[in-house]
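The values are calculated or read from the model by the stated rules, or taken from the named source; none is laboratory data. Computed from a prediction, not measured in an experiment: that's the story for all the values here. Ideal geometry is used to build each Cβ from the backbone, glycine not excepted, and the neighbour counts take in all protein chains shown.
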Amino acid sequence: MSPKPLELGLRENRAQFSLLVAVTAFVGAMVGLERSTLPLIGEADFGLGSSAAVLSFIVAFGLAKSLTNLAAGVGADRFGRRRLLIFGWALALPVPLMIGLAPSWGWIVAANALLGVNQGLAWSMTVVMKIDLVGPRRRGLALGLNEAAGYGGVALAAAISGWLASEYAARDVLVAGGAGIALLALLLSAVLVKDTAAHLQLEQRQSGHDRDEDAPPLRQVFPEATYRQPALRSCSQAGLVNNLNDALVWGLVPLFLAANGATAGQVGLVAGIYPGVWGIGQIPAGKWSDRVGRKPLIVSGMLLQAAALGLLAASGGGVAAAALAAVVLGAGTALVYPTLIAAISDNVSPVARAPTVGVYRFWRDMGYVAGGLIAGLAADAIGYSGAIATVATLTAASALWVAIDLPEAGQPRRRQPAPRPPGVRSR
């Protein structure tokens, strides 16, 4: 019996695609466990009184994840997507143990640096592998499904861990959940996931690019995606600002709500609503961007984020207002998150996709570093509401940047790549 011919497409590769969706959900759940518990653990278990000190774990997480994204993008073709995925999950195994045994906050910071490496490898590889499988026609939908699974996992884990933390010790909840998730995801990745290198080469041939073209080196891709190409640089800065405001919600909002009388369960509710709306909304948003283009969704989504943060800043820490702000913020992020990666992928050749997405994800996750520092220092200096209002202003400014700088209008353009640098399309 002859083997089934290789094809690109969501339906044609639904088994592997669905498996990768499940793995992505586990990636998100590892972070979701911390959303409603770790800032409170910093205050309750370690006596941290400074917002900047509490948010130091987000800075460590973001820096480690950013650098790993960069390495994963370059290493995907050299070492193989599946191998990096498995290695990423192997590195997640010590994280819950380190948190459970931590005698000081420094251990928590170190554990989150290791978690950042896990996230950089595992999430980057599931993203790239899904894009490899589906081809260009339904790229936005595929990324919407990917990010929906990841942030659905974040939401569910945040809500459940917040609820359990109201009944049991928050650190015990985080440790038990993290150990179970990491072990199950490692087994799925090692036993069932298949590499997608052959799908990548098939798309390279079908797209009309040189089948022998190599992925461009980092020294070419980094400046292109950072400042040279308008389509790429506008997406990179928008991704950074998006995760800057996500860092604020992750690290500062639980402290903001708790300072105004919210219980651990209420903090978990708000922490779960935001990524829940974000996760579900990315499926229609990704599909919509395939039809109308990427720019309208990115600009409108970031303006919604800014409005939501403005509402949160004015809420006085009330749970009802914070929950409404979480809904609006989640809707705005749903429009932005998968669309940015799709826009990056639109503007590079298939073999350049992994390193270029790696650079984009480097800058996007540097937003956690910037957000942890800005939100923490601003909260200590001007209070929680002032810090949130500051980030709202930065988000609105980023939306304006995209509106001016991103040279796309309507459908994603399909142009032949410029001769130099290899793999990156000129605009």
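So here's what we get for this one:
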{"item": "When residues of the stretch 90-101 are limited to those that are touching a helix residue (DSSP H, G or I) at 6+ places or on another chain (Cβ under 7 Å) and touching a residue at least 24 places away in the same chain (Cβ under 8 Å), the one nearest to Gly42 (Cα to Cα)", "result": "Ile99"}
{"item": "Selection status of Ala64, surrounded by 18 or more Cβ atoms within 10 Å (Cβ to Cβ), closer than 18 Å to Gly358 by Cα and either out of contact with any Asp or Glu (no Cβ under 8 Å at 6 or more places or on another chain) or among the acidic types (Asp, Glu) (or both)", "result": "yes"}
{"item": "Members of the stretch 293-326 found to be touching a helix residue (DSSP H, G or I) at 6+ places or on another chain (Cβ under 8 Å) and in a loop (DSSP other than H, G, I, E, B), listed by number", "result": "Arg294, Ala314, Ser315, Gly316, Gly317"}
{"item": "The lone exception for Trp288 - which of (1) surrounded by 23 or more Cβ atoms within 10 Å (Cβ to Cβ); (2) in contact (Cβ under 8 Å) with a residue 24 or more places away in the chain it fails", "result": "(1)"}
{"item": "Condition broken by Gly47, with the remaining ones in (1) free of Cβ contacts under 8 Å to residues at least 60 places away in the same chain; (2) farther than 30 Å from Tyr384 by Cα; (3) not basic (Lys, Arg) satisfied", "result": "(2)"}
{"item": "Filter result (surrounded by 24 or more Cβ atoms within 10 Å (Cβ to Cβ), part of a helix (DSSP H, G or I) and at pLDDT below 80) within the stretch 24-43", "result": "Arg35, Pro39"}
{"item": "The stretch 95-121, residues that are over 17 Å from Phe362 (Cα atoms) and within 22 Å of the chain's Cα centre (by Cα)", "result": "Val95, Pro96, Ile108, Val109, Ala110, Ala111"}
{"item": "Complete set of residues in the stretch 44-78 that are among the polar types (S, T, N, Q) and either on the phi > 0 side of the Ramachandran plot or not in a loop (DSSP other than H, G, I, E, B) (or both)", "result": "Ser51, Ser56, Ser66, Thr68, Asn69"}
{"item": "Lone qualifier among Val299, Val253, Val270 - being over 30 Å from Gly80 (Cα atoms) and either surrounded by fewer than 24 Cβ atoms within 10 Å (Cβ to Cβ) or in contact with a His (Cβ under 7 Å, 6 or more places away or on another chain) (or both)", "result": "Val299"}
{"item": "Flag if Asp132 is modelled with pLDDT of 85 or more and surrounded by fewer than 24 Cβ atoms within 10 Å (Cβ to Cβ)", "result": "no"}
{"item": "Matching entry among Leu232, Leu174, Leu218, Leu200 (being of a type outside the set (Ser, Thr, Tyr), closer than 30 Å to Ala397 by Cα and buried (at least 23 other Cβ atoms within 10 Å of the Cβ))", "result": "Leu232"}
{"item": "Unmet criterion (only one of (1) over 17 Å from the mean Cα position of the chain (by Cα); (2) surrounded by fewer than 21 Cβ atoms within 10 Å (Cβ to Cβ); (3) touching a residue at least 24 places away in the same chain (Cβ under 8 Å)) for Val21", "result": "(1)"}
{"item": "Residue count, the stretch 169-194 (criterion: within 15 Å of Ala29 (Cβ to Cβ), of a type outside the set (A, V, I, L, M, F, W, C) and in contact with a helix residue (DSSP H, G or I) (Cβ under 6 Å, 6 or more places away or on another chain))", "result": "3"}
